[in-house]
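Participant: What follows is a structure written as structure tokens; I'll ask about it next.
The values are calculated or read from the model by the stated rules, or taken from the named source; none is laboratory data. Bear in mind the structure is a predicted one, so any value in this text is a computation, not a measurement. As a convention, Cβ positions derive from the backbone with ideal geometry for all residues, glycine included, and neighbour counts pool all protein chains shown.
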Amino acid sequence: MSRDYQNQTAISVEDVHYGPLCPGESELQILGDVRGKRILDIACGGAQNAIALANMGAEVFAIDFSRNQIAHARRLIGENSSSVELIMADAEHLAFLKSDQFDIVMSVFGWEFFTDLALCFEECARILKEEGLLIVGTVHPLTAFEWDMDDNFLMVTDYFHPPVEIWEDLQGEYAKSGMTFFHSFESMFGMLTESGFKIERIVEPYPYTPLELNETGGIKAPYGGPFWEGQYERLSKIPFSIVYKAMKVL
């Protein structure tokens, strides 16, 4: 699905994105000053966030296991003359990385695809330096449920047992099916703290108003596109994404 995703989603390389039609790092200030920081971007996709971080002065390494996403990333890195180092690897298996070497490990819209998120958090703790930051930008647990387009309300059927979203891309040589896993606040808090992290901040990004989005003649948000613009009614009432900022303490 990477080709359609990259073609249909407008993703900036000027700012780190955290949610559709929402402010990015320049306004939310989740990471703070990244100059000179060594950062690992997990499940980087087209490496837009990685490129933005490199432009901010960070030393950035970016991982993805999709051959097509890596190809998109390589093209964008070249077009932007960025110094991001790309690695094609499975982010659920980080044993090839040395311990205590990164100041920040992050991913935005990658964690929800991992089958063993707790194990991945443990590996992130291992490769982070003391008091290093883990940024978990992922789909909000309420995203698991359907939105009633006619009456504009969310149909939450069972919050305690959210469905697993199954999606398919049946086109091309590498056709596969995949799954999206949704995690409650309690589940995410437990996995992070048990892996040696202290949660410092939780952000549920709120979208810009339609006027703000187009005030400069173009989409202001670092993550958008026609699909998301068509979802504005839902996005303005129910958060699509949630960001956990956690510090390694053990």
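Participant: Name the single residue, out of those in the stretch 139-155 being part of a strand (DSSP E or B) and in contact with a helix residue (DSSP H, G or I) (Cβ under 8 Å, 6 or more places away or on another chain), that is surrounded by the fewest Cβ atoms within 10 Å (Cβ to Cβ).
Facilitator: L154
Participant: Limited to the stretch 87-109, what total is found for residues that are surrounded by 14 or more Cβ atoms within 10 Å (Cβ to Cβ) and assigned to a loop (DSSP other than H, G, I, E, B)?
Facilitator: 7
Participant: Checking E123 against (1) at pLDDT 95 or above; (2) surrounded by fewer than 11 Cβ atoms within 10 Å (Cβ to Cβ), which single condition isn't satisfied?
Facilitator: For E123, the failing item is (2).
Participant: If we keep just the residues of the stretch 2-19 that are farther than 22 Å from M56 by Cβ and of a type outside the set (S, T, N, Q), which is surrounded by the most Cβ atoms within 10 Å (Cβ to Cβ)?
Facilitator: Y5
Matching residues to (1) over 14 Å from I135 (Cβ atoms); (2) touching a residue at least 24 places away in the same chain (Cβ under 8 Å):
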residue: N7; (1), (2): yes, no
residue: I11; (1), (2): yes, yes
residue: Y18; (1), (2): no, yes
residue: E25; (1), (2): no, yes
residue: I30; (1), (2): no, yes
residue: D33; (1), (2): yes, no
residue: L40; (1), (2): no, yes
residue: C44; (1), (2): no, yes
residue: A47; (1), (2): yes, yes
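Participant: Since S241 meets every condition but one in (1) at pLDDT 95 or above; (2) out of contact with any Gly (no Cβ under 6 Å at 6 or more places or on another chain), which condition does it not meet?
Facilitator: Failing condition for S241: (2).
Participant: Would you confirm whether or not the stretch 68-83 contains a residue that is farther than 22 Å from F114 by Cβ, free of Cβ contacts under 8 Å to residues at least 24 places away in the same chain, among the acidic types (D, E) and in a helix (DSSP H, G or I)?
Facilitator: For the stretch 68-83, residues farther than 22 Å from F114 by Cβ, free of Cβ contacts under 8 Å to residues at least 24 places away in the same chain, among the acidic types (D, E) and in a helix (DSSP H, G or I): present.
Participant: Are any residues in the stretch 74-86 over 13 Å from D64 (Cβ atoms) and exposed (fewer than 15 other Cβ atoms within 10 Å of the Cβ), and if so, which ones?
Facilitator: Across the stretch 74-86, the qualifying residues are R75, G78, E79, S81, S83.
Participant: Mind listing whichever residues of the stretch 223-237 are modelled with pLDDT of 95 or more and in a loop (DSSP other than H, G, I, E, B)?
Facilitator: S236, K237
Participant: Next up: Say we look at the stretch 20-66 and pick out the residues that are out of contact with any helix residue (DSSP H, G or I) (no Cβ under 8 Å at 6 or more places or on another chain) and on the phi > 0 side of the Ramachandran plot; which of these is surrounded by the fewest Cβ atoms within 10 Å (Cβ to Cβ)?
Facilitator: Across the stretch 20-66, the extreme among qualifying residues is G36.
Participant: Under 9 Å by Cβ, and 6 or more places apart or on different chains, what pairs join a residue from the stretch 181-196 that is without any contact (Cβ under 8 Å) to a residue 60 or more places away in the chain and surrounded by fewer than 16 Cβ atoms within 10 Å (Cβ to Cβ) with one that is part of a helix (DSSP H, G or I) and of a type in the set (A, V, I, L, M, F, W, C)?
Facilitator: Here the result reads S187/L117; G190/A118, each pair linking the stretch 181-196 to a residue that is part of a helix (DSSP H, G or I) and of a type in the set (A, V, I, L, M, F, W, C).
Participant: Additional query: For the stretch 1-30, give me the residue count where each residue is among the hydrophobic types (A, V, I, L, M, F, W, C), within 15 Å of R201 (Cβ to Cβ) and not in a loop (DSSP other than H, G, I, E, B).
Facilitator: 1
Participant: Okay, moving on. Only one of A62, A50 is assigned to a strand (DSSP E or B), of a type in the set (G, A, S) and at pLDDT 95 or above. Can you tell me which?
Facilitator: A62
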